[in-house]
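Below you'll find the structure, written out as structure tokens, and then a few comments.
The values are calculated or read from the model by the stated rules, or taken from the named source; none is laboratory data. Computed from a prediction, not measured in an experiment: that's the story for all the values here. Note: ideal-geometry Cβ built from the backbone for every residue, glycine included; neighbour counts use all protein chains shown.
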Amino acid sequence: MNKNRRIFVFFLLSGILLLFRQYNGDHWAFIKFISGLPGAERVVVARLAKSQQDGLFSSGGLLGLVDSQEGWKFGSEIANHQYEIYQTGQAIQSYLVYKSHPGFQGVIFGLFDILTNFPPTVNLKIFGTSVAFVSSIVIALIAAVIAVEFGWLAGTLVLLFAVISEWMIIPAGNLYWNLWAFYLPFVYGIFMLANASKRKNFLAWKIYFAVFSTILIKILFTGFEIITTALVMSTVPFVYFATRDKWGWKLLAKRSVILGSVLALATIAGLGILILQITASEGSLSSGVEYVTDTFNRRAAGNPDDYKGIYAESLRSSHLVVIKKYLNSYAMVISTGEKDISVAYWHLIVIFGLFTALYLFKHRIGLHINNHRTGIALLISTWYSIAAPLSWYIIFKATSYIHTNLFPLAWQMPFVLLGFALCGYVIQDMFKKETI
């Protein structure tokens, strides 16, 4: 086994063990019934109860809430009721459909429930554990690939951040969020393009089919949450390999046009599936189209005068106000024993900027390194990837304005991860033998 394979295997196994332990630790196993990441599981549990009593594809197979007479209210009472109905099998009086998410995890878990006939409490543990394990594998793969490509310190910093950041921990084992699905197009794209680079054979149809398939999987299992972020994130491997392997502007432009078309088709396919589910639930194709249109207007491009309350306020808000909110959101909290140190995202951006300047300064004064192309490709990819979270905060400004407790998650996709990789790479580069 060569050195790179040993590094890859070491980081992969270490990452799986560390991350899986975090995702399933007692601290995170406690279910918080709040209007946020953990509380979102209630709609999946409600779907399990609905499938249990009325069939897998009842109400279009969509997620929802059982016995909620007051609409989409939050709190422990309504959340607890979803678990109670699923675990006891009490008759469902009503089912409020959640139309913004295909909810295929509900179908998959419901099928497992039917085929195995395990007790609901056992199933919930199995489902949570499986989601956490798959998420840990995907994040560990990212750390392992970074370690091989950019050095052990780069991989270690990415892994450490993933272990201590709530934004990498809480959604990872969550039945609604399925963190693994967000990163799947990014990770698969890296492997496909790395293989194409190694073999010097860009098998276009395989690569673009992989992009289409993984984006569609993301939509089916996580809906359109942070969708623009996921779409941009899937293009980052293309930017990296285009820079490292010197594709040239003409070839990059050609592949970018095809890639953009594939991403658009995958998104349209996902929307089509969701519209068909709503149609099956409500018996009208127009209801599905109208809901999707209204949701886009309410969350992104609508006229504020057509809405009231927080929706009108969010549509009137400025992009700068929204972006400022997310720049000041906390990326992680470091406990020193005596006090906690909160690190905001703007702090990380400044740090990444300083390391970028340090690397460029070393290159500027002539202290070149043998693998300078790799460093430049990482630097360009890192700063390009900041477009992924910003795309969501800008295009879906309205929903970002409202749900500031949810969408700091976008910063990790993959900007912050690549930022830590960049820091590790630059530090190791400072101690490499210089060639002039």
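At least 2 residues being at pLDDT 75 or above is the threshold, and among the helices (runs of 4 or more DSSP H) wholly inside segment 2-62 those reaching it are 3-23, 42-54. Every condition in (1) surrounded by fewer than 23 Cβ atoms within 10 Å (Cβ to Cβ); (2) of a type outside the set (Lys, Arg); (3) on the phi > 0 side of the Ramachandran plot is met by ASN178 except one, and the failing one is (1).
A count restricted to segment 327-347 and to residues that are in contact with a helix residue (DSSP H, G or I) (Cβ under 6 Å, 6 or more places away or on another chain) and surrounded by 16 or more Cβ atoms within 10 Å (Cβ to Cβ) stands at 5.
Among residues of segment 398-409 that are in the same structural domain as ILE170 (by TED's automatic domain parsing), those with a Cβ under 8 angstrom from a residue that is part of a helix (DSSP H, G or I) and of a type in the set (Asp, Glu), sequence gap 6+ or separate chain, pair up as TYR401/GLU313. All conditions but one from (1) more than 23 Å from the chain's Cα centre (by Cα); (2) in contact (Cβ under 8 Å) with a residue 12 or more places away in the chain apply to GLY283; the one that does not is (2). Scanning segment 93-114 for residues that are assigned to a loop (DSSP other than H, G, I, E, B), touching a Ser or Thr at 6+ places or on another chain (Cβ under 9 Å) and polar (S, T, N, Q), which turns out surrounded by the fewest Cβ atoms within 10 Å (Cβ to Cβ)? Of everything passing the filter in segment 93-114, SER94 is surrounded by the fewest Cβ atoms within 10 Å (Cβ to Cβ).
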